[in-house]
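Read through the structure below, which is laid out as structure tokens, and then see the notes.
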Amino acid sequence: MVMLFTNKKSFSFLVCCGLCSLISCSTDQEKNLQLWYTTPATVWEETLPLGNGRLGLMPDGNLSREVIVLNDITLWSGSPQDAVNPMAQKYLPRIRQLLLEGRNDLAQELMYEHFICGGAGSGYGTGSKVPFGCYQTLGSLIIEYRDPDTDSSLYYRSMDLSRAVASTCTKNTKNEYFCSFSDDVGVIRLESKKGIDAVIRMVRPERYETTAGDGQLVMKGSLGSGVQGKDGMCYMARLTAVPADGSVCYRGDSMVLENVHKVTLIFSTATDYYATNYEALSDSLLQTARQKSYRDLRSGHVRAYRERFNRVALSLGKNNKSDEQNTIKRLKAFGRTDDPSFAALYFHYGRYLLISSVRPDLLPPNLQGLWANTIQTPWNGDYHLNINLQMNHWPVEVCNLSELHRPLVEFTKALVPSGTVTARAFYNADGWTAHVISNPWHFTAPGEHPSWGATNTGGGWLCQHFWTHYLYTKDSTYLAEVYPVMKGACEFFLSSLIEEPTHRWLVTAPTTSPENAFYMPGSETAVSVCMGSTMDNQIVRELFTNTSQAAVLLNTDASFRDRLDSTVKRLPPHRVAPGGYLQEWLEDYRETEPHHRHVSHLYGLHPGRQISRTRTPELVEACRKTLERRGDGGTGWSRAWKINFWARIGDGNRAYRLLKNLLSPESTYPNLFCAHPPFQIDGNFGGTSGIAEMLLQSHDGFIEFLPALPDAWPEGKFSGLKTEGNGEVSCQWEKGRIREITLRAVATGTFTIKLPPYAVDIKTKGNVSLSNGMAAATLRAGEKIRLRIKAD
Ligand code: FUC
């Protein structure tokens with residue numbers, strides 16, 4: 001019977017199905033939603049990430065000694081701190097004066113010395129030792145088999161994105177793992193024909209103690225606060241076993257399984273970040289879950305997860321040969337062959353990671369989402385506000401996961417008190433501001449090194465997400481809630497912009513263009529500090545424009561609105577350099593790194609909305625030249641950003657080339673985590689958003705289907721994607737041409753759809769009018785329209 005199967009994957013499915021009646025054979029569509037491997041993970045970046053927005057598990061699938069990395073999204077060391085530096089404000093007038101005189105080098109010297117945060121800041125990436133803190137691993141759960149069944153001839157390790165369940169199968173064993181969306185616990189199911197004898201422990205590199213007894217293994221401790229003599233965050237993790245047979249006992253620091261054929265391990269965690277009664281919470285979660293059968297735990301989890309995951313479907317066509325390759329082979333081959341379903345898999349994986357690393361009432365996903373395997377996570381696993389945290393949220397709205405914007409909204413609102421102190425202390429300014437690095441302790445001061453830490457538009461950029469969420473939801477109650485925060489961000493700039501002497505434009509000063517540097521004119525002296533970087537101008541312009549529009553919608557603050565509108569006119573316009581590219585700075589400085597990973601001055605193209613093919617084609621052309629100069633390389637997230645840029649430019653084949661660059665072993669690990677390197681999740685989310693941008697755009701006042709379709713995806717369909725105005729849309733195309741479009745108004749409103757130029761006949765259903773290459777429909781919530789398009 002086995003011989004009937006031509007490839008290992010189908011064969012392994014059969015083995016899994018045979019062993020465990022709970023697991024039904026996957027359909028083709030579901031197989032397409034699988035990451036799979038034929039060997040255990042040898043490094044963490046091969047392990048499979050599971051999460052429910054709060055707790056995380058990453059099993060390595062080892063048969064004799066399995067290590068499962070544990071996480072809790074709130075587990076941060078450090079503590080709130082006063083990061084005021086009284087010298088900064090004292091030196092600010094001099095720094096500004098030097099910038100106005102064109103002495104950026106001297107301004108920078110003063111900045112290095114005085115315009116930095118008080119204290120150690122992020123400790124140059126050693127946050128675990130200072131009050132800034134660091135996102136940390138919770139530890140590891142280790143299953144040590146006494147007499148392991150290491151027959152790995154049919155080894156199959158997989159992640160099923162349609163269920164958020166990972167599994168490890170062999171001929172005789174089957175393990176399943178998930179982080180329950182319904183019961184808020186981690187679940188590990190071990191099954192073995194032969195019987196399991198194993199010792200199970202929970203460990204952590206530091207600051208933990210474990211006890212066993214009362215039917216539980218308990219690990220607890222407190223992290224460093226960064227302040228001597230003061231404890232930081234407390235956590236507790238618990239593990240219990242529900243065996244079908246055999247025996248389980250708890251001794252010393254271990255749980256011991258003897259002759260067990262099926263057992264469910266239930267893991268819970270809590271910290272005092274969100275629960276003062278974290279010890280009781282971790283216990284009650286465990287006790288509630290252990291009353292349920294494995295079948296019920298699993299089905300409850302799958303149902304809850306699917307409520308979000310199944311909102312969107314995407315198919316980009318198949319490459320039959322590639323479909324039968326394991327994930328590592330597909331990744332290696334993606335640059336050389338067209339494997340459209342792998343691109344679709346990557347898109348779905350991004351949605352999966354987003355759903356798994358965000359819970360609407362907790363923290364936003366950090367630099368690593370919620371997955372970390374060390375105490376000192378790279379860049380402290382923090383919230384970087386000059387691209388990274390924002391990129392993590394790019395797919396949220398279009399992928400129909402709007403409620404997952406909430407943690408970012410709450411995080412931003414919570415920055416305001418600290419940001420108000422920062423604005424006053426450093427700039428003697430009104431309102432609030434945030435710079436480049438932040439954490440759950442609301443750090444808003446400049447970073448410890450001005451070359452990257454001086455940008456003060458971090459808060460302004462966060463406010464762009466407020467507005468985007470509004471555009472997609474049209475929820476004016478929510479808009480009224482965030483309006484004061486947007487207004488406060490405006491107040492900061494209104495009171496801190498200065499007039500530059502040449503054109504009398506109003507500019508931010510001091511600042512940088514993240515994290516690039518340039519040569520002082522006529523010299524080889526490299527500096528980063530400047531005034532009015534293009535990105536700052538764009539962020540401030542959008543912030544003022546959006547806030548002014550919000551004030552109109554909320555019918556409030558007429559005179560403040562006038563102030564915003566008149567100030568916008570005095571911001572520097574975009575400038576195209578003699579070389580045809582968009583200028584990154586006020587002057588056409590020569591950049592020290594022409595291929596620098598940040599392409600901050602194209603913020604206005606994406607994620608911003610100031611540069612567009614219809615309104616500013618000449619600036620789009622300048623963006624194209626800018627990207628040509630910058631090149632197609634860069635860190636993972638930089639490549640991901642460039643997919644979005646090229647999609648907005650409308651060049652699908654070039655966007656696809658960047659997707660190939662991103663989906664290469666250089667920028668993507670075997671578990672499809674994005675590689676900066678090291679692992680940084682922003683590239684996953686930026687890549688997902690990039691694919692969405694290739695298929696659907698709605699930022700320019702109308703909805704455009706397939707605005708940047710590459711030749712490699714001639715057929716496909718999607719459904720459930722969202723547009724601005726709160727429409728839910730589907731699209732089907734063949735031979736690169738749209739055949740059918742549907743739109744359902746989730747909120748009442750008028751929707752305008754750009755018709756493709758090749759349409760010769762359009763059949764409509766619902767209340768649609770066609771004119772001037774556009775379809776327009778005014779719909780009440782719940783109403784739908786459909787367009788069937790015949791191409792020439
Ligand atoms: C920004 C980037 C780096 C890195 C860091 C976490 O500062 O310039 O490349 O992604 O964030």
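Can you tell which of Trp441, Trp432 is away from the ligand (no atom under 13 Å from the Cβ) and open to solvent by 10 Å² or more (accessible area, probe 1.4 Å)? Unique residue meeting the criteria: Trp441. Of the residues making up region 109-133, just one is more than 30 Å from Pro205 (Cβ to Cβ), in a helix (DSSP H, G or I) and open to solvent by less than 20 Å² (accessible area, probe 1.4 Å), namely Met111. Among the residues making up region 216-252, a single one is surrounded by 17 or more Cβ atoms within 10 Å (Cβ to Cβ), not in a strand (DSSP E or B) and not polar (S, T, N, Q): Gly226. Every test in (1) away from the ligand (no atom under 16 Å from the Cβ); (2) in a loop (DSSP other than H, G, I, E, B); (3) of a type outside the set (A, V, I, L, M, F, W, C); (4) touching a His at 6+ places or on another chain (Cβ under 8 Å) is passed by Gln538 save one, and that test is (2). Scan region 668-683 for residues that are crowded, with 23+ Cβ neighbours inside 10 Å and either of a type in the set (A, V, I, L, M, F, W, C) or within 15 Å of the ligand (Cβ to nearest atom) (or both) and jot them down. Passing the criteria: Leu672, Phe673, Cys674, Phe679, Gln680, Ile681, Asp682, Gly683. Scanning region 389-410 for residues that are within 16 Å of the ligand (Cβ to nearest atom) and open to solvent by 10 Å² or more (accessible area, probe 1.4 Å) yields one hit, Trp394.
Among the residues of region 479-530, those identified as in contact with a His (Cβ under 7 Å, 6 or more places away or on another chain), open to solvent by less than 10 Å² (accessible area, probe 1.4 Å) and over 24 Å from Lys569 (Cβ atoms) are Pro514, Asn516.
Which numbered condition in (1) buried (at least 22 other Cβ atoms within 10 Å of the Cβ); (2) modelled with pLDDT under 95 is the only one that Ile355 fails? Here Ile355 meets the rest and fails (2).
This table checks each residue for (1) of a type in the set (Gly, Ala, Ser); (2) farther than 24 Å from Trp641 by Cα.
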site: Thr511; (1), (2): no, no
site: Pro514; (1), (2): no, no
site: Ser528; (1), (2): yes, no
site: Gln538; (1), (2): no, no
site: Ser566; (1), (2): yes, yes
site: Leu571; (1), (2): no, yes
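Counting the residues of region 134-184 that are over 27 Å from Lys194 (Cα atoms) and basic (Lys, Arg) gives 1. Cβ separations smaller than 6 Å between residues 6+ apart or across chains give the following pairs from region 142-159 residues that are in contact (Cβ under 8 Å) with a residue 24 or more places away in the chain and farther than 11 Å from Asn172 by Cβ to residues that are surrounded by fewer than 21 Cβ atoms within 10 Å (Cβ to Cβ) and among the acidic types (Asp, Glu): Arg146/Asp197; Asp147/Asp197. Among the residues of region 134-147, those identified as assigned to a strand (DSSP E or B) and either under 32 Å from the mean Cα position of the chain (by Cα) or at positive phi (or both) are Tyr135, Gly139, Ser140, Leu141, Ile142, Ile143. From the list Leu75, Leu70, Leu22, Leu92, the one residue that fits, being of a type outside the set (Asp, Glu), surrounded by fewer than 23 Cβ atoms within 10 Å (Cβ to Cβ), modelled with pLDDT of 95 or more and in contact with a Phe, Trp or Tyr (Cβ under 8 Å, 6 or more places away or on another chain), is Leu92.
Consider Ser293 carefully, then state whether it is among the polar types (S, T, N, Q) and surrounded by 17 or more Cβ atoms within 10 Å (Cβ to Cβ). Answer is no for this residue. Among the residues of region 34-64, the ones that are under 27 Å from Leu285 (Cβ atoms), open to solvent by 20 Å² or more (accessible area, probe 1.4 Å) and either hydroxyl-bearing (Ser, Thr, Tyr) or part of a strand (DSSP E or B) (or both) come to 0 in all.
Checked against the criterion of being among the aromatic types (Phe, Trp, Tyr) and closer than 15 Å to Leu141 by Cβ, region 266-274 contains one or more residues that satisfy it.
Yes or no, residue by residue, for (1) within 16 Å of the ligand (Cβ to nearest atom); (2) closer than 23 Å to His699 by Cα; (3) surrounded by fewer than 20 Cβ atoms within 10 Å (Cβ to Cβ):
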site: Pro578; (1), (2), (3): no, no, yes
site: Ala640; (1), (2), (3): yes, yes, no
site: Phe645; (1), (2), (3): no, yes, no
site: Glu666; (1), (2), (3): yes, no, yes
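Just so you know, in region 148-189 the residues that are polar (S, T, N, Q) and not in a strand (DSSP E or B) include one that is farthest from Asn326 (Cα to Cα), and it is Ser182. When Asp632, Asp651 are checked against the criterion of being under 24 Å from Ser719 (Cα atoms), acidic (Asp, Glu) and more than 16 Å from the ligand (Cβ to nearest atom), a single residue qualifies: Asp651. Only residues that are among the hydrophobic types (A, V, I, L, M, F, W, C), near the ligand (Cβ under 9 Å from one of its atoms) and not in a helix (DSSP H, G or I) were counted in region 355-384, giving 1.
The values are calculated or read from the model by the stated rules, or taken from the named source; none is laboratory data. Just so it is clear, the model here is predicted, and its values are computed rather than measured. Positions of Cβ are generated from backbone atoms using ideal geometry, with glycine treated the same way; all protein chains shown enter the neighbour counts. Side chains are part of the model used for accessible areas, which takes the heavy atoms of the whole protein and leaves out ligands, DNA and RNA. Shrake-Rupley method; radii C 1.70, N 1.55, O 1.52, S 1.80 Å.
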